[in-house]
Amino acid sequence: MTTPAERYRDRLPLDSGWPVVSLGEGSTPLIPAPRISARLGVDVHLKLESANPTGSFKDRGMTIAVSQALADGARAVICASTGNTAASAAAYAARAGIPAVILQPEGAVALGKLMQARAVGARVLEVRGTFDQALAAARELGERGTHVLVNSVNPYRIQGQKTAAFELAEALGGPPDVLALPYGGGGNTRAYALGFEEWGEAMPRIIAGEAAERATTLASAIRIAEPVHRAEAEAAITASGGSVVSLTDDELLAAWRELAEREGVFCEPSSAAGVAALARVELEPGSRVVCVITGHGLKDPAAVERATVAPLQVDPDPDAIAAAAG
Ligand SMILES: *Cc1c(COP(=O)(O)O)cnc(C)c1O
């Protein structure tokens, strides 16, 4: 299997002779979404970034960032994270044989992601403070040189993440007309814009779905009050002819349900933001649309508990079961 680092080596800032730290990321499925397509009157495909090794697109950037950190002689990596960056950093650090320090804002992390970081042996510290305060502390340690910061301000993250755009252009025989994705910190939006720009054909119209209540949304992966990449991400969206769509939690959950129940795709709530945002913009009939499904549903079991019906209890009796099954 070829990884993005191998496939797109000439398009990545990799020093020759680098050992690439890989868990087999990239080459994720691109599947049609026939029911969503029929509802919107366009041709929608879903890029399942949830199929990456730790269950989110963060792995595309982390393979490059951790490889560079190793090449630079790093002894440890550090990040502040509400979840998927932590899960990914922890796994790639374990793979590289170096420690990972994970700073989590108190009580703000989805269960599956926290378990992933713990399982692979990361040093998980719960910070009494906000995400922004945790990030400031991680940055300071990065500047002191004791730890390499692998948050998305690390430029190698965006370099790695841009490979998803290359995969889309290859799979579709050119960029899609529209790219719809969640907008948290904006790093991934920047990465796709960079990838399509370097690809050199047309730039898709970028539709970025953010939480209307950024600080409190149930979609924890986009619960980011101050997007670090706001200026660059929004400039790229505007230049593409696209827009930022602010979504309520009800809109996010409706799209999450449609993906799960109508397309069989179980993602975390944030990952439904692209699909949710499409309902709020004008779309050229028949145009080719890709929605990025950023993270796997198993990461956030609490969201499922809130949004779905609990199992009924029945006796082991065929008639009772048939009646209860409806
Ligand atoms: C990180 C993440 C996002 C947000 O991406 P940004 O680059 O911060 O905009 C969205 N969904 C999931 C599942 C994520 O892990």
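The values are calculated or read from the model by the stated rules, or taken from the named source; none is laboratory data. All figures in this text were calculated on a predicted structure; none of them were measured in a lab. Here the Cβ is made from the backbone with ideal geometry for all residues, glycine too, and neighbour counts use every protein chain on show. For the accessible areas, the whole protein counts, side chains as well, though only heavy atoms, and no ligand, DNA or RNA atoms are used. Shrake-Rupley method; radii C 1.70, N 1.55, O 1.52, S 1.80 Å.
Cα convex hull of region 40-199: how many Å³ per residue?
Dividing the Cα hull volume of region 40-199 by its residue count gives 120 Å³.
Using a 1.4 angstrom probe and counting only protein chains, how large is the accessible area of residue 125 in Å², to 10?
70 Å²
Percent of accessible area on the chain owned by carbon and sulfur, 1.4 Å probe? Spell out each step's value before the answer.
Details: 7090 of 13910 Å².
After summing per-atom areas, the C and S share lands at 51 percent.
Using the alpha carbon gyration tensor of region 135-271, what are the three equivalent-ellipsoid semi-axes (square root of 5 times each eigenvalue), largest first, in whole Å? Please report the intermediate quantities before stating the final value.
Working: eigenvalues 122, 95, 40 Å².
Value: 25, 22, 14 Å, ordered largest first.
Hey, got a sec? Which GluC sites (Glu not before Pro) in region 152-244 land in a DSSP loop and have at most 13 other Cβ atoms within 10 Å?
Of the GluC sites (Glu not before Pro), the ones in loops of region 152-244 whose Cβ has at most 13 other Cβ atoms within 10 Å are 201.
Counting just the Cα atoms, what span does region 58-153 cover along each of its three principal axes? Round to the nearest Å and put the largest first.
Reported extents, whole Å, longest axis first: 34, 26, 20.
On full extension of the chain, what length is gained from residue 231 through residue 307, given 0.36 nm per residue of separation minus the C-alpha to C-alpha distance? Mind dumping the intermediate values first?
Details: separation 76, 0.36 × 76 = 27.36 nm, distance 3.37 nm.
The span from residue 231 to residue 307 would gain 24.0 nm if fully extended.
For the chain, what is the charge dipole size about the Cα centre, in debye to the nearest 20, if Lys and Arg each add +1 at the Cβ and Asp and Glu each add -1 at the Cβ?
Numbers: 29 positive and 38 negative charges, 162 e Å.
The calculation lands at about 780 debye.
Pick from 306, 128, 280: which residue has the top mean-square fluctuation in a GNM of the chain where Cα pairs under 10 Å get a spring?
Highest fluctuation among the options: 306.
Toward the positive end of the charge dipole of the chain, about the Cα centre and with charges on Cβ (Lys, Arg +1; Asp, Glu -1), which of 238, 178, 82 goes farthest?
Value computed over the given set: 82.
Taking a quarter of the surface of the convex hull around the Cα atoms of the chain, what do you get in nm²? Before the final figure, lay out each step's value.
Working: hull surface 71.9 nm².
Across all orientations, the chain yields a mean hull projection of 18.0 nm².
Could you pull out every one of the aspartates and glutamates with an alpha carbon less than 12 Å from that of residue 58, ignoring same-chain neighbours closer than 8 positions?
Correct list for residue 58: 25, 49.
For region 58-153, report the accessible area per residue in Å² (1.4 Å probe, heavy atoms, rounded to an integer).
41 Å²
Go through region 281-286 residue by residue and turn each phi into a ³J(HN,Hα) via Karplus (6.51, -1.76, 1.60, θ = phi - 60°); whole Hz please, and just put x for glycine and proline.
Those phi angles translate into 10, 6, 10, 5, x, x Hz.
Label residue 111 and residue 280 with points 7 Å out from Cα along Cα→Cβ: what is the distance between them in nm?
Using points 7 Å along Cα→Cβ, the separation is 3.0 nm.
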